[in-house]
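J.: This is the structure I have questions about; it appears just below.
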Amino acid sequence: MEAGRKRQRKHEPEILLGFEESPQPMLVVDQRTLQLREVNAAAINKYGYSRDEFRRMRLIDLVPSENQTRVTDAVRKDPLGLSEPCQVRYLLKNGQSVDIDMRVYRVRYAGEPAALVVPQDDTRRKQLEDQLQQAQKMEAVGMLAGGIAHDFNNLLTIINGYSQMLLGGLPENDENRSSVEQIMKAGERAAALTRQLLTFSRRQVVRPKVLDLNTEVASTAVMLRRLIGEHIELRIVEGPDLAKVHADSGQLEQVILNLAVNSRDAMPIGGTLILETQNVDFEEPYSGPHTTLKPGRYAMLAVTDTGIGMDAQTRSHLFEPFFTTKAQGQGTGLGLSTVYSIVKQSGGEVVVYSEPGHGTCVKIYFPSVNEPAMEDPAEEAAENTQTGSETILLVEDEEAVRKLVRRTLERQGYHLLVAAGGADAVSLAEHHGGPIHLLITDVVMPQMSGREAAEKLRALRPGLQVLYVSGYTETTVARSGDLTAGARFLQKPFTPLALVRRVRELLDQAGGQAQPPKTEGGNQ
């Protein structure tokens, strides 16, 4: 009989002496009625109810209605010993709620069977899950963006190139100039859209340097005033002794412009847009939706408007690619996802505060750096002439791009050898008795890549200068092994002017030295 009682106590222990002193909230519950019999000090501090208030409640009074059945089953049906965690939400006295992993133990209280409920705050885990889901969405769209970039940029090279070429041949009073200009503007908008896709997919070429946020905001202010219109007041509040940050200046401008456009659209009848900077120090980690800030000093940029604001449902989808609340045709849904990716790429974090009717505040935190801001190098006073008479070997598998490049360079006086693929280019070089000053080749081509073609051609003509072009970004093709370190690169879409400038630059750097066929002895 005594042995049986000992076994019972082993499986159904009395409440431990350390119950009240435990830092973990604990609640003793009647298994049949779910009445709260006892709570410890940690539970009182966590949930805000007094001990007497707890004793007048049932466990299901602490959870939303949709969780009550799950909680009841967990308390009444659990086997002896430790239960599996039950994920629910607990309601605090102040009206807020927290995510909970609830475990239930079988115990005895005042000689009667009871359940010891140990709720563990699961809010942090839920935040990390949300951040992981956001990262996975961004990665998925990033893969899509990288996949379409090559073909899309080929098309834009053709559209923008021929438009610029056509416009250059029209007199100022030609009635067709306006139509061509509209085509060029549409092509430029399409190219900007591709850059946004590549930016938030983190496949855009980034050139970060040490920057002063106050200087960057001030330089953007003139453009912002034209962008937001006269019905919106723009206020700049510069923080004193602002810490320097490490970021890409062009991308930072894009962040400010995207946020300003969103704020403008949220204030259709007017309002105030405030750009504010200041130093912020976090002594301990800060976690929020999509955000985890480590302890340290940050330079903060806050973009605040007095617009219509957003509800919780809208805020939860804010950084998803292609999510927009604007009418069809008025927004791509890429603005805030681009902001999110740029800031993340710079090591920063984004925090959004907004309520319907109370405007929106987007705070961006960049980790501070203890280095002076870098000055932009002075531009050359004059550009080199863009014309020439050298021989250029062009390798491009896209016929329309091939024709555009050939026409552009021949109009500048260059002699072109043209091939649709690597094998054709090698054959051309073998049979061409004269010099070849420069090879221009697409990077990604069927049968033979641009790098493979360049290697074969350099074996025939050692020291041959090479310019690679691609619809993929330089970073992407370099990571894939299709470019060697230090290779000269021009990203599509490029304009005819950009092409001839780059060609002239490389030819001038080579000092006009052409690459004749390799002789039998291997000398040039």
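The values are calculated or read from the model by the stated rules, or taken from the named source; none is laboratory data. Quantities reported herein were computed from a predicted structural model and do not represent experimental measurements. Cβ placement follows ideal geometry from the backbone for every residue including glycine, while neighbour counts extend to all protein chains displayed.
J.: Considering the stretch 244-269 alone, what residues qualify as being closer than 19 Å to Glu230 by Cβ and part of a loop (DSSP other than H, G, I, E, B)?
T.: Ala266, Met267, Pro268, Ile269
J.: Pairs needed: first member in the stretch 497-509, within 14 Å of Leu394 (Cβ to Cβ); second member anywhere, of a type in the set (D, E, K, R) and assigned to a helix (DSSP H, G or I); C-beta distance under 9 Å; at least 6 residues apart or different chains.
T.: Val500/Arg411
J.: Here is a list of conditions, (1) surrounded by fewer than 17 Cβ atoms within 10 Å (Cβ to Cβ); (2) at pLDDT 80 or above; (3) more than 29 Å from Lys344 (Cβ to Cβ), and Gln96 meets all of them except one; can you say which number that is?
T.: Single failed check for Gln96: (3).
J.: Go over the candidates Val118, Val107 one by one and state the one that is touching a Pro at 6+ places or on another chain (Cβ under 7 Å) and hydrophobic (A, V, I, L, M, F, W, C). Outline the logic, then answer.
T.: Working: Val118 fails: touching a Pro at 6+ places or on another chain (Cβ under 7 Å).
So the residue among Val118, Val107 that is touching a Pro at 6+ places or on another chain (Cβ under 7 Å) and hydrophobic (A, V, I, L, M, F, W, C) is Val107.
J.: Take Leu404 and decide whether it is in a strand (DSSP E or B) and of a type outside the set (Phe, Trp, Tyr).
T.: Considered against the rule, which asks whether it is in a strand (DSSP E or B) and of a type outside the set (Phe, Trp, Tyr), Leu404 comes out as no.
J.: If you don't mind, there's one more thing I want to ask. Any idea which residue in the stretch 418-448 is farthest from Glu390 (Cα to Cα), counting only those that are modelled with pLDDT of 90 or more and polar (S, T, N, Q)?
T.: If we take residues in the stretch 418-448 being modelled with pLDDT of 90 or more and polar (S, T, N, Q), then Ser427 is farthest from Glu390 (Cα to Cα).
J.: Next question. Just need a number here: residues in the stretch 297-318 that are crowded, with 17+ Cβ neighbours inside 10 Å and among the charged types (D, E, K, R).
T.: So the count comes out to 2.
J.: Can you pull out every residue in the stretch 44-69 that is surrounded by 15 or more Cβ atoms within 10 Å (Cβ to Cβ), under 40 Å from the mean Cα position of the chain (by Cα) and of a type outside the set (Val, Ile, Thr)?
T.: Lys46, Tyr47, Leu62, Asn67, Gln68
J.: Sort out which residues of the stretch 241-250 are in contact with a helix residue (DSSP H, G or I) (Cβ under 9 Å, 6 or more places away or on another chain) and either buried (at least 21 other Cβ atoms within 10 Å of the Cβ) or farther than 15 Å from Ser219 by Cα (or both), and write them in order of number.
T.: Within the stretch 241-250, Leu242, Ala243, Lys244, Val245, Ala247 meet the criteria.
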